[in-house]
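Student: I have a structure here, written as structure tokens, and I will follow up with some questions on it.
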Amino acid sequence: MTLADATAGSDVRVESVDLGDEQANGWLSAVGIGAGERLTVLRRAAFGGPLHVATSSGGEFALAVAVARRVTVTPVDGREPSEGGER
């Protein structure tokens, strides 16, 4: 699953980041959005807007959905989100 699939309020662990640009991948990793990091999706903007995420180190960022689709994650509790986005 990708970060773009995660529901608001969910905790996920980053498995991989592939933006197609090593410098961009490195920047995300430097701010706490890299392999092995834990993220919390705080909210999702309406109409396909950005995702507001918090890193385990306390940073908060808004990520475009196009970026979130390139971040592979696993739910921390091991559950996949159910259909319709409800948990």
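Student: Identify all residues within segment 2-22 that are outside any strand (DSSP E or B) and within 17 Å of residue 64 (Cα to Cα); write none if there are none.
Tutor: 3, 4, 5, 6, 7, 8, 18, 19, 20, 21, listed by residue number.
Student: Go through the residues of segment 59-74 one by one and say whether even a single one is in contact with a Pro (Cβ under 7 Å, 6 or more places away or on another chain), small (Gly, Ala, Ser) and modelled with pLDDT of 95 or more.
Tutor: Yes - at least one qualifying residue is present in segment 59-74.
Student: Within the set of pairs 6+ apart or on separate chains, which have a first residue in segment 43-65 that is in contact (Cβ under 8 Å) with a residue 12 or more places away in the chain and in a helix (DSSP H, G or I), a second that is surrounded by 16 or more Cβ atoms within 10 Å (Cβ to Cβ) and among the basic types (Lys, Arg), and C-beta atoms under 9 Å apart?
Tutor: The qualifying pairs are 65/44.
Student: Right, something else. Taking residue 14, is it among the β-branched types (Val, Ile, Thr), at pLDDT 95 or above and closer than 14 Å to residue 74 by Cβ?
Tutor: Spelling it out, residue 14 is indeed among the β-branched types (Val, Ile, Thr), at pLDDT 95 or above and closer than 14 Å to residue 74 by Cβ.
Every residue, every condition in (1) touching a Lys or Arg at 6+ places or on another chain (Cβ under 6 Å); (2) surrounded by 12 or more Cβ atoms within 10 Å (Cβ to Cβ); (3) farther than 19 Å from residue 74 by Cβ; (4) basic (Lys, Arg), yes or no:
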site	(1), (2), (3), (4)
21	no, no, yes, no
28	no, yes, no, no
37	no, yes, no, no
44	no, yes, no, yes
55	no, yes, no, no
59	no, yes, yes, no
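The values are calculated or read from the model by the stated rules, or taken from the named source; none is laboratory data. Values in this document were obtained by computation on a predicted structure and should not be read as measured data. Every residue, glycine as well, gets a Cβ built from its backbone with ideal geometry; the counts of neighbours run over all protein chains shown.
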